[in-house]
1. Of the conditions (1) over 16 Å from the mean Cα position of the chain (by Cα); (2) on the phi > 0 side of the Ramachandran plot, G35 clears all except one; give me its number.
2. Restricting the search to region 18-67, which residues are out of contact with any strand residue (DSSP E or B) (no Cβ under 8 Å at 6 or more places or on another chain) and either farther than 18 Å from Q175 by Cβ or surrounded by fewer than 23 Cβ atoms within 10 Å (Cβ to Cβ) (or both)?
3. Taking region 86-115 as the search range and keeping residues that are touching a residue at least 60 places away in the same chain (Cβ under 8 Å) and of a type in the set (A, V, I, L, M), which one is surrounded by the most Cβ atoms within 10 Å (Cβ to Cβ)?
4. Within region 168-178, can one find any residue that is among the β-branched types (V, I, T), within 30 Å of T208 (Cα to Cα), within 21 Å of the chain's Cα centre (by Cα) and assigned by TED's automatic domain parsing to the domain that holds H42?
5. Might you let me know whether region 340-360 holds any residue that is without any contact (Cβ under 8 Å) to a residue 60 or more places away in the chain, surrounded by 15 or more Cβ atoms within 10 Å (Cβ to Cβ) and among the polar types (S, T, N, Q)?
6. Test each condition in (1) of a type in the set (S, T, Y); (2) within 19 Å of the chain's Cα centre (by Cα); (3) outside the structural domain of V30 (by TED's automatic domain parsing); (4) at pLDDT 95 or above for S197 and report the one that comes out false.
7. Test E83 against the stated conditions and say whether it is assigned to a loop (DSSP other than H, G, I, E, B), among the charged types (D, E, K, R) and surrounded by fewer than 22 Cβ atoms within 10 Å (Cβ to Cβ).
8. Within region 68-80, take every residue that is among the β-branched types (V, I, T) and in a strand (DSSP E or B) and give me the one that is surrounded by the fewest Cβ atoms within 10 Å (Cβ to Cβ).
Amino acid sequence: MASIVVGGHFGDEGKGKIVSYLALNDKPAVIARAGVGPNAGHTVYKSGKKYGLRMIPCGFVYEDARLLIGAGVLVDPNLLLKELELTGTQDRFALDRRCGIIEAAHKKLDSSDFHLTKSVATTGTGCGPANADRAMRKLKHASEVPELKKYLTDVPLEINNAVDEGKDVLVEASQGFGLSLFYGAYPNVTSKDTSASMAAVDVGLGPTKISEVIVVYKAYMSRVGAGSQKLPTLITKQNLGKYPELKATYERALCDGTTGKDVNEVLARYLGEAGTVTGRLRQICGFDYELAKYSAMVNGATQVAVTCLDKVFPECSGVRDYSGLPKNVRDYIAGIEKEVGVNVTFISTGPDADDIIDLR
């Protein structure tokens, strides 16, 4: 069986947490990374240690899984080799020989081009220029990098063989639906599509091979980068009262002594909302039900995961049984389920991999 985990809002939904839980609980034979490239970071915890990964699949926490990077993913060789050493996964890792390679010129352009740095506010990791070169048939492949030679494989062949043999395969996408080049808030988007369909393409799985699509949403919403000011549920002093869970969070933040130039910055600092790659503070928004419903439709969601519930409802921190959630929290989850139209099967109540309510 092949399952895909994908972001339903603007990234930063906590996909790494869900992937790590699925890896440890379901024990898939293969875990494959899809997505754009190192412009997206996933945070995961293993043995109490925090990892901010941009190349290696977050599912590395399950030590018996084969770890792969699909051909559709851009690779920064230096960053990849550092993460392999950091995670100690060299003996069970491989990347497709057709992965595109990010070179110094791509990063230089990504950090100096006015349109990219100011209008789009990219991460500066070189992904956009590299994908442009790929479209122009000028991009180097992993097979041309000597340091990567021992890690090369045919990812579609490995993954499809595993599925055909009845083994479980987990595909982890990056970023979120709102950043899709096709369906996101253009032009403030990433350089390719970010939906589950593209994740399947990235690793070489045909649509008939996908059994489950798990779309991940935070209990609130956040976004980093240009275009955030246009979000319809962006939290301001004027509309804070419309979102009681965030109003209560803001009041706790003030009591805790958290400061900021406005309501949104106070919330971002208190909630610890900063980009994994850039460190930029994210803009905090109320849960966008309309976007969530649309992204569930386009992604073909079969299940929904809701994360960071403990950040806005501290009383549910660490709860691992649905009956242990307070009524107001259960009502909040039921509201998301009703509006999105897909069953909520995972509820994250803390940072540890086991802080999950699994309703499958």
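The values are calculated or read from the model by the stated rules, or taken from the named source; none is laboratory data. Note that the structure is a prediction, hence the values are computed from the model and not measured. Neighbour counts run over all protein chains shown; Cβ positions are idealised from the backbone, glycine included.
1. All conditions are met except number (1).
2. Scanning region 18-67 gives L24, K27, K46, S47, G48, K49, E63, D64.
3. Looking at residues that are touching a residue at least 60 places away in the same chain (Cβ under 8 Å) and of a type in the set (A, V, I, L, M), I get I102.
4. Residues of region 168-178 among the β-branched types (V, I, T): 169, 171.
Next, from what is left, pick out any that are within 30 Å of T208 (Cα to Cα): 169, 171.
Retained after the next criterion (residues that are within 21 Å of the chain's Cα centre (by Cα)): 169, 171.
Narrowing further to those that are assigned by TED's automatic domain parsing to the domain that holds H42: 169, 171.
Yes, because at least one residue in region 168-178 is among the β-branched types (V, I, T), within 30 Å of T208 (Cα to Cα), within 21 Å of the chain's Cα centre (by Cα) and assigned by TED's automatic domain parsing to the domain that holds H42.
5. Yes.
6. That leaves (3) as the condition not met.
7. Working: assigned to a loop (DSSP other than H, G, I, E, B): no; among the charged types (D, E, K, R): yes; surrounded by fewer than 22 Cβ atoms within 10 Å (Cβ to Cβ): yes.
When the stated conditions are applied, E83 does not pass them.
8. Filtering region 68-80 for residues that are among the β-branched types (V, I, T) and in a strand (DSSP E or B), the one surrounded by the fewest Cβ atoms within 10 Å (Cβ to Cβ) comes out as V75.
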